[in-house]
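The values are calculated or read from the model by the stated rules, or taken from the named source; none is laboratory data. If you're wondering where the values come from, they're calculated on a predicted model, not measured in any experiment. Positions of Cβ are backbone-derived with ideal geometry, glycine not excepted, and every protein chain shown enters the neighbour counts. The accessibility values were calculated without ligands, DNA or RNA, using every heavy atom of the protein model including side chains. Shrake-Rupley method; radii C 1.70, N 1.55, O 1.52, S 1.80 Å.
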Amino acid sequence: MTPATLLAASLTTGLAAEKKSATVTDWAARVGWLVGLALFVTLVYWLMREGWKWRGTLQSDLPELCSTPEEPGEARLTMSGRYHGSTTAGQWLDRIVAHGLGTRSRVELTLTAAGLDVVRPGATDFFVPAARLREARLDKGIAGKVLTEGGLLVVTWAHGDRLIDSGFRSDRAAEHKEWVEAINSMIETSTTEGAER
């Protein structure tokens, strides 16, 4: 045999040895992995839900929210947008979930002489009397929502013995500055009138 014949024979043998049938899929192992993954996701979801309920229990000392008065007065400003949640004032990650304050939703805000009316379709509405308003400012984040600098209207208000920051984002972000000025002006006026008495 010549070297070329030997080489050809060895290549043919090698190719024949490499040809095998495709491996059969182990369906039992795949199904087991999918069931395990589904159980893991369910467990994580359940733990998150229990954590949310536990946080609500810890905040059960928070009094009931005020409802809109019969005659709130003429609207100074109105805004439609999104409510992003409420936190303990100055602690932007300490979300408040009691009384539905942790539920994100659409919002219709109305500022009157009586206070701030927060109407939330699909969630609990609430009213912040003018005497309880403490500050309004532009910020970039609140518990789980971070935006560009000044993209969020944050209103600080007193409820019970706690100060609360509530975050709103208008459908037209340019009007945030007007809201900050109006609320802070209203707070200064009521503070001045209170000092004169």
| remark: Going through segment 108-122 in order, the residues found to be closer than 18 Å to ARG172 by Cβ and either open to solvent by 10 Å² or more (accessible area, probe 1.4 Å) or of a type in the set (Lys, Arg) (or both) are GLU108, THR110, VAL119
| note | The correct count of residues that are assigned to a strand (DSSP E or B), at pLDDT below 90 and buried (at least 19 other Cβ atoms within 10 Å of the Cβ) in segment 127-151 is 1
| Looking at segment 96-114, which of its residues are touching a Lys or Arg at 6+ places or on another chain (Cβ under 7 Å) and assigned to a strand (DSSP E or B)? | SER105, ARG106, VAL107, LEU111, THR112
| said: Take the residues in segment 23-37 that are assigned to a helix (DSSP H, G or I) and open to solvent by 60 Å² or more (accessible area, probe 1.4 Å); name whichever of them is nearest to ALA136 (Cα to Cα). | reply: LEU37
| VAL118 being of a type in the set (A, V, I, L, M), modelled with pLDDT of 85 or more and touching a Phe, Trp or Tyr at 6+ places or on another chain (Cβ under 7 Å) | yes
| query | Are any residues in segment 81-119 under 16 Å from the mean Cα position of the chain (by Cα), charged (D, E, K, R) and more than 18 Å from ILE164 (Cβ to Cβ), and if so, which ones? | reply | ARG106
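For segment 38-80, which positions are in a loop (DSSP other than H, G, I, E, B) and either within 15 Å of ALA114 (Cβ to Cβ) or within 21 Å of the chain's Cα centre (by Cα) (or both)? Don't jump to the end; show me each part of the working.
Narrowing segment 38-80 to residues in a loop (DSSP other than H, G, I, E, B): 59-65, 67-74.
Scanning segment 38-80 gives GLN59, SER60, LEU62, LEU65, SER67, THR68, PRO69, GLU70, GLU71, PRO72, GLY73, GLU74.
In the list LEU62, LEU39, LEU34, LEU58, which residue meets the criterion of being within 30 Å of ARG104 (Cα to Cα) and modelled with pLDDT of 85 or more? Working first, answer last.
Working: LEU62 fails: modelled with pLDDT of 85 or more; LEU34 fails: within 30 Å of ARG104 (Cα to Cα); LEU58 fails: modelled with pLDDT of 85 or more.
Being within 30 Å of ARG104 (Cα to Cα) and modelled with pLDDT of 85 or more holds for just one of LEU62, LEU39, LEU34, LEU58, which is LEU39.
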| field | Residue that is modelled with the lowest pLDDT [pool: residues in segment 152-170 that are open to solvent by 70 Å² or more (accessible area, probe 1.4 Å) and closer than 21 Å to GLN59 by Cβ] | value | ASP161
